[in-house]
Amino acid sequence: MEFTFAFQNTIDLKQFLEDVRKCEHEVYFESTEGDKLALRSSLSQFILFSICNKPELLKGAVIRICGEHDRELLLPYFI
């Protein structure tokens, strides 16, 4: 099962990415332009940290995850 959450630049990004590493499946950051970052990748995490300083690039972005375990783990960041 797949879940999508609106990305919020107000989350504790460091802790979020640490929890992403605990997920069973890949977690994606997706921009409105169709770009996808696989957030379990260190390079993708670095890119996400870089673009978080440019809020205009985050407008409309989403986090896409699969599986109930991963949803439960990351849900606190999106409520």
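The values are calculated or read from the model by the stated rules, or taken from the named source; none is laboratory data. None of the values given here were measured: they were computed from a predicted structure. Counting neighbours? That spans all protein chains shown, and the Cβs are built from the backbone with ideal geometry, glycine included. Only protein heavy atoms, including side chains, enter the accessible area calculation; ligands, DNA and RNA are left aside. Shrake-Rupley method; radii C 1.70, N 1.55, O 1.52, S 1.80 Å.
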Helix 42-51: angle to the longest alpha-carbon principal axis of the chain, degrees 0 to 90, nearest 10? 50
What full-extension length gain, to one decimal in nm, is calculated for Glu33 and Glu68 as 0.36 nm per residue of separation minus the Cα-Cα distance? 9.9 nm
Under the rule of -39500 (n - 2.57) per DSSP H run of 4 or more residues, summed and divided by the residues of the chain, what mean residue ellipticity at 222 nm is obtained, to the nearest 500 deg cm²/dmol? -8500 deg cm²/dmol
Mind computing the radius of gyration and Dmax over the alpha-carbon atoms of the stretch 1-47? Å is fine for both. 10.6, 28
Compute and list, largest first, the equivalent-ellipsoid semi-axes of the chain from the alpha carbon gyration tensor, each √(5λ) rounded to a whole angstrom. 18, 13, 12
To the nearest 20 debye, what charge dipole does the chain have about its Cα centre, counting +1 at the Cβ of each Lys and Arg and -1 at the Cβ of each Asp and Glu? 220
Under the Karplus curve 6.51 cos²θ - 1.76 cosθ + 1.60, θ = phi - 60°, whole-Hz ³J(HN,Hα) for the stretch 60-66, x wherever Gly or Pro sits: x, 6, 10, 10, 10, 10, 10
For the stretch 8-25, in order, what is each residue's ³J(HN,Hα) by Karplus, 6.51 cos²θ - 1.76 cosθ + 1.60 with θ = phi - 60°, in whole Hz (x at glycine and Pro)? 10, 6, 9, 6, 6, 4, 4, 5, 4, 5, 5, 5, 4, 5, 7, 5, 7, 10
Surface share of carbon and sulfur [accessible, 1.4 angstrom probe, percent] for the chain: 54
Of Leu48, His69, Ile79, which is farthest along the charge dipole of the stretch 14-79 in the positive direction, counting Lys and Arg as +1 and Asp and Glu as -1 at C-beta? Leu48
